[in-house]
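Inspection log for the structure reproduced underneath, given as structure tokens.
What follows draws every value from the coordinates through simple rules; no lab data is involved. Values in this document were obtained by computation on a predicted structure and should not be read as measured data. Every residue, glycine among them, receives a Cβ derived from its backbone with ideal geometry; neighbour counts consider all protein chains shown.
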């Protein structure tokens, strides 16, 4: 059954005020009143965390936060998070990209992720060159969104094998971490069945968070025997469930520093020393937040508290955490290989 267009919840992610105003006018003029706006990645992800929309109108090149350069990788962060939400929590958030040009180099990388997720792409020029045509096309695409379900990718052994292949060089640069990931994350995922799914998925989620802790220390050259002991000592479910709740903000700040920036007085300040990518930092922070929610019944994410409080973990949740730690593992391989 299709949804009435007036009931849609929409987030507009656009850093040019005039374009935001045009989009708002089109939506309001057609009865869509649940509209929120963001001008950068950080604000958009905050809106997503607060409430999931039906549709995102996404500028292809946006700043990461206020005052930073406009780059397509910043839109990629939003698209990857939407894909994760759709697959793990069974939502149907769609994205319509508003691009300065359909020849943008980052465009193909974006649409290669999930062609059913990104419904359409508009050239920004159409917004001002032919406003009537733009309005008609936009409304046609929104109505298309209402009537076609998203085909969600499922957790498969093929995906697991791909992930394993991507981190194989880790065996050379940090055999200890490589063995931990294979033994405590990949192997349980592969052996999972209906009777063990919830417990093993939970364990994988928490151990992915532990990998983030380990890597934050490793990049800062702070690995100690106690750090390694923490990984090897967490072998049973009770120990994993009794993990203390760490500060997401502390991990976030350390990850941000590894991207060559510091967060100060509401904005980022460049430090000039970039060790990991922004995408790796964002995904690692998300994996760590999920680790905290899993261990502490979703205290920081009330939308999905039923999943965490009822221990209703699935293979999809485990794969999500595995996918989220891969970018920082890959950056660690590059870092150690220098």
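Here are a few things to note about the model shown:
- A simple spin-label model places pseudo-atoms 7 Å from Cα toward Cβ; at residue 9 and residue 182 they are separated by 4.4 nm.
- Using the average count of surrounding beta-carbon atoms within 10 Å as a protection proxy, the listed peptides 312-320, 181-189 rank, highest first, as 312-320, 181-189.
- Sorted peptide list for 278-284, 4-10, criterion being average Cβ within 10 angstrom, highest first: 278-284, 4-10
- With the simple model of a label 7 Å out from the Cα in the direction of the Cβ, residue 253 to residue 173 spans 2.7 nm.
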